[in-house]
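Worksheet: the structure to be examined is printed underneath.
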Amino acid sequence: MHTTANRFEILDLKSNTGALKLRVAGKQIGHVKIFGRAPGPYTLSWLDRGTLGTRQRTMRADWARAKKAAEQINTALINSRHALGQLDEAGAAEYLRCRDVVARYGRSVESIVMEHAELIDQLAGATPRAAARYYIDSRPAAVNPKTVPDAVTSLLEQKRKAQAGAKWLRTLTHQLDIFAKKFTGPIHLLQVHELNKWLWSLNCGLRTRKNYRDAVRELFRYAAAENLIDRLRAQDLIKGLDRIKPPPTEAQVWTPDQMAHILGACHDNLLPLVVLIAFGGIRHEEMSPEDDTEALLDWSNIDLVKGTIRVPKTVAKTKRMRLIKMRPNLIAWLKLHAKRSGPICDLGRTGDALSALGDRAGIPWIKNALRNSFITYRLAATNDIALVAREAGNSAKVIHDEYLELATEEQGKAWFDIHPPEPASIIQLDFAFK
């Protein structure tokens, strides 16, 4: 028999295996059993009477490390028993109740108390119970991951079923198809640094780059809602995408004089579309078919008697019906070509037709200048942001930020004073026959 530090007894050391017993005042309060054979490893097993009341195990690579660990464990046991001996009867009973509670978790009272105290500090006023309830209520179910291409397909199918705007859906499809060609793996494994690297590798301007970023954000929102990715993970990816701020641009408009030249060069089959944009604020895509399935503004939506244009929600880009009170000059232009029903424009490629119109008028064509002109001059003439926002189908913020004070009131009135030319006077001659 060998003794160590006058406190430990090592028994049965055949083949370096045995037990390290701890005695205090002649009473054994715990011992560590060491199992194994040279050269190791060795398993340490002990009954933790002072804390958990359960048997614990650990391993060490060789005998020297196992013996040292056994001594450290026994020292901890005697310290624990000594501390327990300092408690009064009530404190000891309280400790033992706590020990019984934590025994089911295989941890010591001390470790759980320390963890609880740390939680209280971190929660800054909230209780761990409240934090646990919030976690239980908000934690997502196990995710059902998909590859990026499959997630894109599912998102686009959902948007089609929801009858999203055709033009917006075409743009979203184009952007996400490019994204899905770059990233083909599971969507829940994407890393934000990879996404930002891809965004900045695109050969496009800042405004288009921002549109790609918005498309990716839309995909992650869908993936989180459909449980394809953890909700908190999706939020981190969305927030981690670099912010892209295109420089502010001023809306480009035609002058009343330029508009007069454009109308003078306009063919009859295109003129209703042009004047409805320029003097009514109708969007180009709300009248010109880019997809056979699109609902479009029809002559039946125009009431020349009441002087109103009703844009149905099925036609409007924003999916909100709007009613536009026509100005007298618009009514005059439309009366020249009005029909009871049917499409506003029969042309298939109106974009090309508008460019050709600019060439005939000697004015380089500017995309969206017709509608920008309507909003700019209508706002200048009325000074009523809310009215113009309703007629144009835009938000009041957009009208204020992008169109305010771009033209004078006189220019606004001049724009809506552009009327069709008067028909040539017909001279009636009376012949007297003698």
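The values are calculated or read from the model by the stated rules, or taken from the named source; none is laboratory data. Here the structure is a predicted model, which is why all the values come from computation and not from measurement. Methodologically, a virtual Cβ is constructed for each residue, glycine included, from the backbone with ideal geometry; neighbour enumeration extends over all protein chains shown. These area figures cover heavy atoms from the full protein model, side chains too; ligands, DNA and RNA do not enter into them. Shrake-Rupley method; radii C 1.70, N 1.55, O 1.52, S 1.80 Å.
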TODO: Identify the GluC sites (Glu not before Pro) of the stretch 213-322 meeting these criteria: DSSP loop state and at most 12 other C-beta atoms within 10 Å of the C-beta.
DONE: GLU250
Open item on the list: Quick check: with the 1.4 Å probe, what order do TRP46, TRP299 take by accessible area, largest first?
Closed with: TRP46, TRP299
Task: 23 Å Cα-Cα threshold exceeded, pairs from LYS146/LYS182; LYS159/LYS210; LYS161/LYS313; LYS161/LYS317; LYS181/LYS313 - done: LYS181/LYS313
Open item on the list: At 1.4 Å probe size, what's the solvent-accessible area of ASP100? Round to the nearest 10 Å².
Closed with: 90
Open item on the list: Keeping all protein chains in the complex and leaving out DNA, RNA and ligands, what accessible area do you get for THR147 with a 1.4 Å probe, in Å² to the nearest 10?
Closed with: 50
Task: Entries of LYS167/LYS325; LYS33/LYS68; LYS335/LYS367; LYS245/LYS319; LYS245/LYS397 with Cα pairs more than 21 Å apart - done: LYS167/LYS325; LYS335/LYS367; LYS245/LYS319
Open item on the list: I'd like to check one number: the per residue accessible area of the stretch 330-397, probe 1.4 Å, reported in Å² as a whole number.
Closed with: 50
Task: Qualifying trypsin sites (Lys or Arg not before Pro) for the stretch 205-283 [loop in DSSP, other Cβ within 10 Å: at most 13] - done: ARG243
Task: Filtered trypsin sites (Lys or Arg not before Pro), the stretch 294-328: DSSP coil and at most 16 other beta carbons within 10 Å - done: LYS306, LYS313, LYS317, LYS319, ARG320
- [ ] Would you mind working out the accessible area per residue for the stretch 175-229, using a 1.4 Å probe, and quoting it in Å²?
- [x] 51
Open item on the list: Please list LEU47, LEU206 from largest to smallest accessible area, probe radius 1.4 Å, with all protein chains kept in place.
Closed with: LEU206, LEU47
Task: Cut-off under 5 Å, modelled amide H: who pairs with LYS146 long-range - done: ILE187, HIS188
Open item on the list: Would the stretch 252-390 count as rounded, prolate or oblate if I go by the C-alpha gyration tensor, calling it rounded below 1.5 in a/c and otherwise prolate when a/b exceeds b/c, oblate otherwise?
Closed with: rounded
Task: Solvent accessible area, Å² - LEU323, 1.4 Å probe, full protein context - done: 110
